[in-house]
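This is the structure, below, for whatever I ask next.
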Amino acid sequence: MPYKIGTKQTTRMVEQQIAERVLVAKDADPRITGRIIDLCAEAGVEIVWVESMEILGETCGIDVGAAMAAMIPDE
């Protein structure tokens, strides 16, 4: 399943009701993750907590850490 990685893209996917679930790193800054958690609650999108930004980045196939990513349907 493809991912949209990063705060802006993840937020956009939730707002457009495209995201099937959102991955959030437990060690990401709460000032960044707070808004997406609220948005997901409003939109009924499942949040999957990942241990660290590093692991989330690896999961998404990138070489840097990521605070959040949206899982989207295959296009």
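With charges set only on the Cβ (+1 for Lys and Arg, -1 for Asp and Glu), what does the dipole of the chain come to about its Cα centre, in debye to the nearest 20?
Details: 7 positive and 13 negative charges, 52 e Å.
In total the dipole reaches around 240 debye.
Considering only protein heavy atoms and a probe of 1.4 Å, how much of the accessible area of the chain is carbon and sulfur, as a whole percent?
Working: 2190 of 4570 Å².
About 48 percent, which is the carbon plus sulfur part of the accessible surface.
Further question: If you take every DSSP beta bridge whose two residues both sit in the chain, what share of them, in percent to the nearest 5, is antiparallel?
Working: 7 of 12 bridges.
Approximately 60 percent, going by the DSSP bridge assignments.
Pull out a ≥ b ≥ c, the square roots of the eigenvalues of the alpha-carbon gyration tensor of the chain, then state rounded if a/c is under 1.5, prolate if not and a/b is larger than b/c, and oblate in the remaining case.
Oblate, because a/c is 1.5 or more while a/b does not exceed b/c.
Picking from PRO2, VAL50, GLY34, whose Cα lies most toward the positive end of the charge dipole for the chain (charges on Cβ: Lys, Arg +1; Asp, Glu -1)?
The listed residue farthest towards the positive side: GLY34.
Output ³J(HN,Hα) for segment 30-40: one whole-Hz value per residue in order, computed from phi by the Karplus curve 6.51 cos²θ - 1.76 cosθ + 1.60 with θ = phi - 60°, and x for Gly and Pro.
x, 5, 8, 7, x, 5, 5, 5, 5, 4, 5
Please list, in order along segment 59-64, the HN-Hα scalar couplings obtained from phi with the Karplus expression 6.51 cos²θ - 1.76 cosθ + 1.60 (θ = phi - 60°), rounded to whole Hz, x for Gly and Pro.
4, 8, x, 10, 8, 10
The values are calculated or read from the model by the stated rules, or taken from the named source; none is laboratory data. The shown structure was predicted, so the numbers you read here are calculated from the model rather than taken from an experiment. Here Cβ is always computed from backbone atoms with ideal geometry, including for glycine, and neighbour counts include all displayed protein chains. Remember, those area values only see protein heavy atoms, side chains included, never the ligands or the DNA or RNA. Shrake-Rupley method; radii C 1.70, N 1.55, O 1.52, S 1.80 Å.
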